[in-house]
Amino acid sequence: MPISIDYPHDARTRTPQSLTPAAIRAIAGRVRRQVVDGAGAIEPALLADASKSLLINGLALSVAWDFDHPVHDEAGHEVLGVCETDPDMPGAAFVSINSRMVAHRPHLAISTAAHELGHVLFDVPTAGRTVRRYRAVVRSAQTLTQATRQIEARANEFMGALLTPPVLLHTALLARARDEGLRLKRAAHSGRPGSPVVAGDNHPDALAGIVAALAAEFGVSDRFIAVRLSCYGLVEGGIA
C-alpha cells in the first residue's frame, strides 16, 4: 500500500504552498506513522521499501532507490545523495545514496535518505519541471539562491521531524533527564504539550550523555539530536 500524503499546494502546478516548520513537521509525522510504529530508529532499507510507492496530493508516484553506487553532481563533485526525475518517465523518481560516503555510517545513510525523500514529496510532483536535488556535505551559502535555500530548508526540516519527531523526542528526553536528576523548567516549546523542558544550567557533561543516548535510540548522530533539541526548544537556550 502506498504512503499517502496531502498538503496545501497549487492545484495547477502542484507546487507546495509556503509551509511553516510546524506544518512540515506534521507532514513528516503522518509519513512516519505509515513507515514505523512508535519511537526509535528507522532503518534506511525500511524507509526505502516503505516509500517505493507514494500518493502525493492524489498523484501516484513510484520511487526507485539505489544505495550501491557513488553519487556526483553535474560538476563532478561527490555528494551524499540525489533525487532525480526523467521527463521521459513521468510518475517516477530516482533516489541515489552515495555508497562510499555512507559506508559504515548508518546515521548518515538514514538522514540522507530522509532528506531526499523530502525532495520527492515536495519537489517531484511539481508539474513541468525536471528535478535534481542534492544533499552535499558542505555547500557555500553564497552559491545558493533564496529559492534553493528554502527548498533545502524544507527537506531538512522534513528529515529532522521524520527521524526525531518533536513529541517522541521530548518524551524520550524527559525520561532520561528525570533518571539523571536534571533540572526541568517551564518554557515554550514544540514538543509534548504541557510538559517542561530541560533547564539550560544543567552540567554540560550530563546533557552530553543524554544527547549521546538519544542519538543511539533514534539512530542519528549526536549533532543531529542537538540541532533538533534546539529547533524544538526542548533544552533552554539550545545546545551549542
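Odds and ends about this structure:
- Restricting attention to the range 34-57, the residues being modelled with pLDDT of 95 or more and out of contact with any strand residue (DSSP E or B) (no Cβ under 9 Å at 6 or more places or on another chain) number 5.
- Of the criteria (1) surrounded by fewer than 12 Cβ atoms within 10 Å (Cβ to Cβ); (2) at pLDDT below 95, which one residue 152 fails: (1)
Each row is one residue, and each column tells you yes or no for (1) surrounded by fewer than 19 Cβ atoms within 10 Å (Cβ to Cβ); (2) out of contact with any helix residue (DSSP H, G or I) (no Cβ under 8 Å at 6 or more places or on another chain); (3) without any contact (Cβ under 8 Å) to a residue 12 or more places away in the chain.
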residue	(1), (2), (3)
165	no, no, no
171	yes, yes, no
179	yes, yes, yes
187	yes, yes, no
191	no, no, no
198	no, no, no
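- Wholly within the range 38-87, strands (runs of 3 or more DSSP E) carrying at least 3 residues that are under 15 Å from the mean Cα position of the chain (by Cα): 81-84
- Among the residues here, residue 95 does not qualify as in contact with a Leu (Cβ under 7 Å, 6 or more places away or on another chain) and assigned to a strand (DSSP E or B).
The values are calculated or read from the model by the stated rules, or taken from the named source; none is laboratory data. Note that the coordinates shown come from a computational prediction; the quantities given were computed from them, not determined experimentally. So basically every Cβ, Gly included, is an ideal-geometry build from the backbone, and we count neighbours across all protein chains shown.
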